[in-house]
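Some notes on the structure that comes next.
Computed from the coordinates by the stated procedures, all read-outs in this text should not be read as laboratory data. All figures in this text were calculated on a predicted structure; none of them were measured in a lab. Here the Cβ is made from the backbone with ideal geometry for all residues, glycine too, and neighbour counts use every protein chain on show.
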Amino acid sequence: MKNSVLLIGHVGQEPEIKNLEGGKKLANISIATNEVYYRENGDKVEQTQWHRVTAWGKTAEIIERFVTKGKEIGIEGKLTHRSYDDKDGNKRYVTEVVANEILLIGK
């Protein structure tokens, strides 16, 4: 179980789908996960974490066909880190989940 990520959350925006050379697909989505807890004084605290998710091939095709903004989904994949230089020459760092499997939850 090295580098394994399991997330269940809601899709934050419509999926971004790219058709690559050779017919392969790439899907990018963001997923919000929520955590609720109570402080000692009884105050309710809700925290939302956003996760970038990338999917390739068949998994990307499933996202393209069935996933929309607000849909609750489960993702199984691995955590990756990468960097790139933006158009102004600044180094940017990205952490994302590369999805191996997707589970459609709810309606």
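Within the stretch 85-94, is even one residue surrounded by 12 or more Cβ atoms within 10 Å (Cβ to Cβ), of a type in the set (S, T, N, Q) and either on the phi < 0 side of the Ramachandran plot or without any contact (Cβ under 8 Å) to a residue 40 or more places away in the chain (or both)? Among the residues of the stretch 85-94, not one is surrounded by 12 or more Cβ atoms within 10 Å (Cβ to Cβ), of a type in the set (S, T, N, Q) and either on the phi < 0 side of the Ramachandran plot or without any contact (Cβ under 8 Å) to a residue 40 or more places away in the chain (or both), which makes the answer no.
Counting only residues that are more than 11 Å from Val98 (Cα to Cα), small (Gly, Ala, Ser) and out of contact with any Ser or Thr (no Cβ under 8 Å at 6 or more places or on another chain), which one in the stretch 26-83 is surrounded by the most Cβ atoms within 10 Å (Cβ to Cβ)? Write out each step before concluding.
We begin by selecting, within the stretch 26-83, every residue more than 11 Å from Val98 (Cα to Cα); these are 30-50, 57-58, 61-74, 82-83.
Narrowing the set further to residues that are small (Gly, Ala, Ser) leaves 30, 32, 42, 57, 70, 74, 83.
Okay, now just the ones that are also out of contact with any Ser or Thr (no Cβ under 8 Å at 6 or more places or on another chain), so 30, 42, 57, 70, 74, 83.
Working: Ser30: 17, Gly42: 6, Gly57: 13, Gly70: 12, Gly74: 15, Ser83: 8.
Only one residue fits best here, namely Ser30.
The residues in the stretch 22-61 that are of a type in the set (Gly, Ala, Ser) and within 10 Å of the chain's Cα centre (by Cα) can be counted, and the count is 4. Say we look at the stretch 1-23 and pick out the residues that are in contact with a Ser or Thr (Cβ under 8 Å, 6 or more places away or on another chain) and not in a loop (DSSP other than H, G, I, E, B); which of these is surrounded by the most Cβ atoms within 10 Å (Cβ to Cβ)? Here the answer is Gly9.
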